[in-house]
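Working notes for the structure below.
The values are calculated or read from the model by the stated rules, or taken from the named source; none is laboratory data. All of these numbers come straight from a predicted model, not from anything done at the bench. Ideal geometry is used to build each Cβ from the backbone, glycine not excepted, and the neighbour counts take in all protein chains shown.
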Amino acid sequence: MGKKFKTLLKYFFVFFLVGFFIFNWQKVYWVFNWQALSGLFSEFLSQRKIDFPKISTSQTEQQTTTSTKQQTTTSQENILEIPKLNLRAPIVLAGPNEKIEKSLNHGVVLFPGSASPGKPGQTIILGHSAPPNWPNIRYDRVFSNLSQLEEGDEIFVYFQGEKYRYLAKRKIFLKKNEELPKTESSKNFLFLISCWPPGKDLKRIAVEAELE
């Protein structure tokens, strides 16, 4: 009886493991990807360093006059929403530059010194990107599909009790530390920025959108 019980227990354990991996494959497949594991291990040993975009003070200086274009009152928290990408992430208000890396683990980050959503100037939001096989942990992949946005795609920003609607205008590929293009100072423009290609620290992709 004891031998049969052990045999049945082994079969049960094998079937349990097989069933677990079948029904949870999308969440655990990265365990078998040595590149993903290597990346996680490297990130654990050393903090990810980010080269911040160069921005013109005149373009990002926060103004006291708030735009009323597509501005509606909402009870939402600070949220970035992009329907086409099925993306919804909290907007983190970071302090000094050295804390931005940690803040990116909790969502997308409103770049310190950039204009608040709805106000004249450039609103800059940063987010991580990662290769296709990277595990979906924290917000490492939040901007991985940024390149799929096209002209006219909607971007919604919920910020401090207001809702703002932006329309994507164009994608820009920048060298590291290259300055963002200047925009009309009397209007509010949104720039979504991440590494390019996803997960590589070679260039930057920026999606420019205008407040409607």
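Going by what's in this entry, would N105 be described as outside any helix (DSSP H, G or I), out of contact with any Pro (no Cβ under 9 Å at 6 or more places or on another chain), modelled with pLDDT under 95 and not hydroxyl-bearing (S, T, Y)? So that I can check it myself, show each step before the final result.
Working: outside any helix (DSSP H, G or I): no; out of contact with any Pro (no Cβ under 9 Å at 6 or more places or on another chain): yes; modelled with pLDDT under 95: yes; not hydroxyl-bearing (S, T, Y): yes.
It is false that N105 is outside any helix (DSSP H, G or I), out of contact with any Pro (no Cβ under 9 Å at 6 or more places or on another chain), modelled with pLDDT under 95 and not hydroxyl-bearing (S, T, Y).
To keep it simple, each residue is scored yes or no on (1) in a strand (DSSP E or B); (2) hydroxyl-bearing (S, T, Y); (3) modelled with pLDDT of 95 or more.
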site	(1), (2), (3)
K84	no, no, yes
E101	no, no, no
S114	no, yes, no
Q122	yes, no, yes
W134	no, no, no
R138	no, no, no
R141	no, no, no
**Q.** Residue count for the range 117-134, restricted to those that are surrounded by fewer than 24 Cβ atoms within 10 Å (Cβ to Cβ), of a type in the set (S, T, N, Q) and touching a strand residue (DSSP E or B) at 6+ places or on another chain (Cβ under 7 Å)
**A.** 1
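Within the range 93-116, which residues are out of contact with any strand residue (DSSP E or B) (no Cβ under 6 Å at 6 or more places or on another chain) and either among the small types (G, A, S) or under 16 Å from I205 (Cβ atoms) (or both)? Outline the logic, then answer.
The first filter runs over the range 93-116 and keeps only residues out of contact with any strand residue (DSSP E or B) (no Cβ under 6 Å at 6 or more places or on another chain), leaving 95-99, 101-102, 104-105, 112-113, 116.
Selection gives G95, L104, G113, S116.
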